[in-house]
Amino acid sequence: MADSTSLPNDNSTPPEPQTFSPEYVSELRRESARYRTRAETVDSGLRKAFGLEPDADCSDLNALLTARDTKTTAQALEKVNARLIAAEIKSLQGYDTALLERLIDRGAIKVNDDGTVTGAKEAAEAASKQFPAVLKAKHGEQWAPKNPAANTGGKNTNQAMNDLIRKN
């Protein structure tokens, strides 16, 4: 059996703790404060960039980036589709397209994955039934202002003026 004098005594006084100089301790504390400040700045920047609440978890950056990319892609796709639909409406013949753009039901118009727009013609026809003002005059019909002095009393005043000018 081992001698009790060779075993460490639990009741003995612990060795004297190692002490550091006050300058070294204050330097460590300043360094730690700089790191805490930097971490808080990065954390608040992440929260602002991702639109997170102050108490929200931002530890999974991959998930946050994926969600942000998906949202950004969806917004860009929505803008592109809106422009394609607007271009399709403007290309319709026989309609006042400026008025039609305001009156048409865009929910009935779809953009396929290949970029083709479907349902624009049908939506324009539905809008023209409800609002006939969106229809333009048929092709070949030209609108010209009427000349109120053209046929007054059987005498064409424009022709009379032309005759008068030519005689002189």
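Each reported figure results from applying straightforward, stated rules to the coordinates on display, with no laboratory input. The shown structure was predicted, so the numbers you read here are calculated from the model rather than taken from an experiment. All Cβ positions, even for glycine, are placed from backbone atoms using ideal geometry, and neighbour counts span all protein chains on display.
You can think of it this way: the chain between residue 61 and residue 19 has 11.1 nm of extra reach, that is 0.36 nm per residue less the Cα-Cα gap.
Over 27 Å between Cα atoms, which of 48/71; 71/121; 48/79; 110/136; 79/129 qualify? Pairs exceeding the cut-off: 71/121; 79/129.
Length available on full extension from residue 72 to residue 50: 0.36 nm per residue minus the Cα-Cα distance, which gives 6.8 nm. Taking the fewest neighbouring Cβ atoms within 10 Å as the starting point, the ordered list for 32, 44 is 32, 44. The label-point distance for residue 83 and residue 165, in a model that sets each label 7 Å from Cα toward Cβ, rounds to 5.0 nm. For segment 90-114 and segment 43-70, what is the separation of their Cα centres, given in Å? Between the Cα centres of segment 90-114 and segment 43-70 lies a distance of 38 Å. Take every pair of alpha-carbon atoms less than 8 Å apart whose residues are at least six positions apart; their mean separation over the length of segment 78-140 yields a relative contact order of 37 percent.
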